[in-house]
1. Go through the stretch 183-273 and tell me which helices (runs of 4 or more DSSP H), entirely inside it, have 2 or more residues that are modelled with pLDDT of 70 or more and either of a type in the set (Asp, Glu) or under 14 Å from the mean Cα position of the chain (by Cα) (or both).
2. Please list, ordered by first then second residue, the pairs with beta carbon atoms under 7 Å, 6 or more apart or interchain, first in the stretch 52-74 and under 11 Å from ARG120 (Cα atoms), second at pLDDT below 90 and basic (Lys, Arg).
3. Would you mind finding the one in ILE358, ILE307 that is modelled with pLDDT of 70 or more, crowded, with 17+ Cβ neighbours inside 10 Å, among the aliphatic types (A, V, I, L, M) and closer than 20 Å to GLN229 by Cα?
4. For ASN57, indicate whether it is open to solvent by 90 Å² or more (accessible area, probe 1.4 Å) and either under 25 Å from LEU156 (Cβ atoms) or in contact with a strand residue (DSSP E or B) (Cβ under 6 Å, 6 or more places away or on another chain) (or both).
5. Let me confirm something: among ASP91, ASP33, ASP86, ASP29, which residue is open to solvent by 60 Å² or more (accessible area, probe 1.4 Å), touching a residue at least 12 places away in the same chain (Cβ under 8 Å) and of a type in the set (Asp, Glu)?
6. Just to verify a result, which residue in the stretch 81-102, among those that are assigned to a loop (DSSP other than H, G, I, E, B) and under 17 Å from PHE113 (Cα atoms), is farthest from the chain's Cα centre (by Cα)?
7. Would a scan of the stretch 281-290 turn up a residue that is in contact with a helix residue (DSSP H, G or I) (Cβ under 6 Å, 6 or more places away or on another chain), over 23 Å from GLN230 (Cβ atoms) and not in a loop (DSSP other than H, G, I, E, B)?
8. Of the residues that sit in the stretch 274-288 and are open to solvent by less than 40 Å² (accessible area, probe 1.4 Å) and within 21 Å of PHE241 (Cα to Cα), which one is modelled with the lowest pLDDT?
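The values are calculated or read from the model by the stated rules, or taken from the named source; none is laboratory data. Since the model is a prediction, treat every value here as computed from it, not as a measurement. Neighbour counts are summed over all protein chains in view; Cβ atoms, including those assigned to glycine, are modelled from backbone coordinates with ideal geometry. Quick note on the areas: whole protein, heavy atoms, side chains included, nothing else; ligands and nucleic acids left out. Shrake-Rupley method; radii C 1.70, N 1.55, O 1.52, S 1.80 Å.
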Amino acid sequence: MTNSREDERLTRGRQKPQASFPVAGSRLDLPVDYHATLANLKQRIKNERLQLTLTANATMTLLYWDIGRVILDRQNQQGWGAKIIDHLSEDLKLAFPEMNGFSPRNLKYMRKFAQQWPKREIVQRAAAQIPWRSNQLLLDKLDHEEKRRWYAEQTLQNGWSRDVLAMQIENRLHERQGKAIQNFDLTLPPDDSDMAVQIFKDPYLFDFLGTADTRKEREVEQALIDHVQQFLLELGSGFAFVGRQTLLEVGDQDFRLDLLFYHLKLRCYVVIELKAVPFDPAFAGTLNLYLSAVDDLLRHSDDKPTIGLLLCKSKNDVVVEYALDGYRRPMGVAQWETQLTQSLPDDMKGSLPSIEEIEAELKEAGGEE
């Protein structure tokens, strides 16, 4: 690590005016109030994220109530039946193909929601403050609005998940506590509660926001990074861990290398990128940028050229061949076909290359005999 002057940033390897791998450096010289300030900022961020998510959830839940009210009114006034709901579901799905919240089943829940919660202002104060799946549970389990309001209030105040809410209803907590319904004040559930964790993963909410696919891809990629990192270190075949999500600054842009290793046998750095989507030719350009930066800033004069390995959900060999043609740095693209180890979670089995495939990619890219 280099630091030519005390006020300059620390970097890993060499530093250039427009490119570097910055690192935080030692924690011994931090100001005395740093940890308290950090704790306050972290709490503020947690609160604001939760508040923003709950606001979006309330907006979606009120929209669901409005849709249910429209269906209910048309049903009462014009005799709309199940066939109309099927048509409505199909047409809304055509208009918003990325959203899964307009299934016939969920539209019927919206209708029941408007029927069982007739006053919108009550919905806004109570039901709209908890996740939609919790509201579905209240509709399925409770016939009286007063009880639904009480359980909605307790869900928010205690941060209950849907499963905990179901257990409390089953145990008749309302009867045992005997508390009357009070004015429902808007508040935040505990930031470490089950509800807070659950609402950040609510599929209805992220479908509504149009971010579901991106979030799923990111979660899959992070899970794969976790497993590949552990697997390669346990493999004992020469991989030495250097960094994860390693920050690279080039010009005015920030990049993150998923995994950075040094291979002791091949005597070179290895950059591994994981994608939860099929191969895109643009991935090759980004990986080449990473290899160029590592070679320029981290590679020792005795090291061999850095190897890049891109793991994708699927690939077309011809597309990969054309995409890599012309790149002089060693790169390999592997499809997730076979499991790495038996410890791979069930929902990820069959999603990563085998030991042999990874070693073959590295040998081919590194030119090892």
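1. On the way: elements: 194-199, 203-209, 212-235.
Per the criteria, 212-235.
2. Here the result reads none, with nothing in the stretch 52-74 linked to a residue that is at pLDDT below 90 and basic (Lys, Arg).
3. ILE307
4. Details: open to solvent by 90 Å² or more (accessible area, probe 1.4 Å): no; either under 25 Å from LEU156 (Cβ atoms) or in contact with a strand residue (DSSP E or B) (Cβ under 6 Å, 6 or more places away or on another chain) (or both): yes.
Taking the combined requirement at face value, the residue does not satisfy it.
5. Details: ASP91 fails: touching a residue at least 12 places away in the same chain (Cβ under 8 Å); ASP33 fails: touching a residue at least 12 places away in the same chain (Cβ under 8 Å); ASP29 fails: touching a residue at least 12 places away in the same chain (Cβ under 8 Å).
Only one candidate passes the filter, namely ASP86.
6. GLY81
7. To start, the set of residues in the stretch 281-290 that are in contact with a helix residue (DSSP H, G or I) (Cβ under 6 Å, 6 or more places away or on another chain) comprises 281, 284.
Among the residues that remain, those that are also over 23 Å from GLN230 (Cβ atoms) are: 281, 284.
Those left that are additionally not in a loop (DSSP other than H, G, I, E, B): 281, 284.
The answer is yes; a qualifying residue exists.
8. That would be LEU274.
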